[in-house]
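To start, the structure under review is shown below, and the notes come after it.
The values are calculated or read from the model by the stated rules, or taken from the named source; none is laboratory data. Only a predicted model underlies this, so the values are computations on that prediction, with no experimental measurement involved. All Cβ positions, even for glycine, are placed from backbone atoms using ideal geometry, and neighbour counts span all protein chains on display.
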Amino acid sequence: MRRHDVAVGKFSQVRKGTTVLTRNNIFAFSASSPYTISTWNPNVNGQVDTIAFADGDCSAAYIGGSFTSVGGTAVKNTAKVSTSTGAPIAGYLNSSPARVTRIEEVSGHLLVGGYFAG
């Protein structure tokens, strides 16, 4: 994906003018003219609350929220997705027992916050 901004939340469509596109809970767009909506589409089946770009070069992004699949691949509340294809990255096999509300990558470490019970 070339330089875009990303929006997350709970939605199933985005609109630019009269064009309506299906985008489930996450999409990328250009925040400068001509304000395009990217074809990048991870297709997350539940609410996405947080995103953190990964690997220093932003070739991937960690997402968190309350969901069970990304692009048809079973995941649980957290996933690492390619910023070029939107597909889940297979080597990231983590899951969360509850909703993830904050993800941040700091010095190669992933910090995750959410509604976890002891």
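Can you say whether residue 14 is surrounded by 13 or more Cβ atoms within 10 Å (Cβ to Cβ), among the aliphatic types (A, V, I, L, M) and in a strand (DSSP E or B), as far as the supplied structure shows? Yes, satisfied. Taking the criterion of being closer than 30 Å to residue 98 by Cβ and either at pLDDT below 95 or assigned to a strand (DSSP E or B) (or both), the residues of the range 17-37 that qualify are 22, 26, 27, 28, 29. Being farther than 26 Å from residue 15 by Cα, touching a residue at least 12 places away in the same chain (Cβ under 8 Å) and under 14 Å from the mean Cα position of the chain (by Cα) is a condition met by at least one residue of the range 45-56.
The set of residues in the range 60-79 that are under 8 Å from the mean Cα position of the chain (by Cα) and more than 16 Å from residue 114 (Cβ to Cβ) contains only 61. Tell me yes or no: at least one residue of the range 62-84 is farther than 17 Å from residue 6 by Cβ, free of Cβ contacts under 8 Å to residues at least 12 places away in the same chain and hydroxyl-bearing (Ser, Thr, Tyr). No, the range 62-84 has no match at all.
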